[in-house]
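One structure coming up, written as C-alpha cells, with questions to follow.
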Amino acid sequence: MEKNELYPVFLKVASLRVLIVGGGNVGLEKLTFLLKSSPSARVTMVSMDYIPEVIALAEGYEVELIRSPYNKSYLKDKQIAIATTDDLEVNLQVHKDCKDANILVNLADNPKYCDFYMGGIVTKGNVKIAISTNGKSPTAAKRLRQFFEEILPENMNELVENLNTYRKTIKGDFEDKVTKLNELTKEMIKMKKD
C-alpha cells in the first residue's frame, strides 16, 4: 500500500517571494488559494496575457503582474515558484530552472514535478488544518476541507486564545504545563463524541 510521505509545514509566505508563471484559470486558482491563506504574500506573476479575474484579484494585494514570456531571470530572489501555463515545455523549463537554483517548485496538475502540493486548508482564526491526498485527488481534499469547516465550532479561535492566555499563567516546568493543558483540552474530544 502506498504511503503519504509528505511532511506538512506552515510557511510564513509573507516573508518569502513567490513566482507564479501563467495568468490563466490555473494561475488564478493558485493565486486565490495562496492569498486566501496568506493575504500578505508577496507574489510576482509572469505571463503574456492575464484573464480579467487575475488582474482584479491582484489589485487588492501585493501582487506584481509582468507581461512577458517566462525566462529564468524572473526566479531571482524567489524561494517558491508555481508553473501554471498550458504549455508543458514552459512548465518543464520552470521546473529545471528551479531545481538548478534550489527553489521549491510546483507544476500545477503534474505531481511528478512538484516539491510541494497546495492541499485543502481549513482556517478558523488562529487554527489552520492542512489536508493532503498525496496529489491523488484535489476533489477529495476539497470535500474534506468542507467537512472540517462545518464541524469545527465557530468559537474555535476564541478557545485557542483563551488556552494561550491560560498557558501563560501556568507555573512549573514544561512537563507540568503540558500535563495541565492536556488535562484541560481532553474535554474537547469528549464534547465532540457526545
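The values are calculated or read from the model by the stated rules, or taken from the named source; none is laboratory data. The structure presented is a predicted model; accordingly, all values stated were derived computationally and were not measured. Backbone-built Cβ (ideal geometry, glycine too); neighbour counts: all protein chains shown. Protein only, heavy atoms only, side chains kept; ligands, DNA and RNA dropped before computing areas. Shrake-Rupley method; radii C 1.70, N 1.55, O 1.52, S 1.80 Å.
Restricting attention to segment 49-68, which residues are more than 26 Å from residue 12 (Cα to Cα), surrounded by 13 or more Cβ atoms within 10 Å (Cβ to Cβ) and either modelled with pLDDT under 95 or out of contact with any Lys or Arg (no Cβ under 8 Å at 6 or more places or on another chain) (or both)?
51
I'd like to check something: does segment 111-119 contain any residue that is aliphatic (A, V, I, L, M) and open to solvent by 70 Å² or more (accessible area, probe 1.4 Å)?
So far as segment 111-119 goes, no, none of its residues is aliphatic (A, V, I, L, M) and open to solvent by 70 Å² or more (accessible area, probe 1.4 Å).
Still on this model: If residue 85 meets every condition in (1) open to solvent by 50 Å² or more (accessible area, probe 1.4 Å); (2) in contact (Cβ under 8 Å) with a residue 40 or more places away in the chain apart from one, which number is that one?
Among (1) open to solvent by 50 Å² or more (accessible area, probe 1.4 Å); (2) in contact (Cβ under 8 Å) with a residue 40 or more places away in the chain, the lone unmet condition for residue 85 is (1).
Scan segment 88-110 residue by residue and report those that are open to solvent by 60 Å² or more (accessible area, probe 1.4 Å) and within 15 Å of residue 47 (Cα to Cα).
Result: 88, 89, 93.
With part of a helix (DSSP H, G or I) and either of a type outside the set (Val, Ile, Thr) or loosely packed, with under 15 Cβ neighbours inside 10 Å (or both) as the only criterion, which of 3, 30, 78 stands out?
Only one candidate qualifies: 30.
Mind listing just one residue for me: the one in segment 6-26 that is closer than 18 Å to residue 111 by Cβ and not aliphatic (A, V, I, L, M) and, of those, least open to solvent (accessible area, probe 1.4 Å)?
Step by step, filter segment 6-26, then rank; the result is 22.
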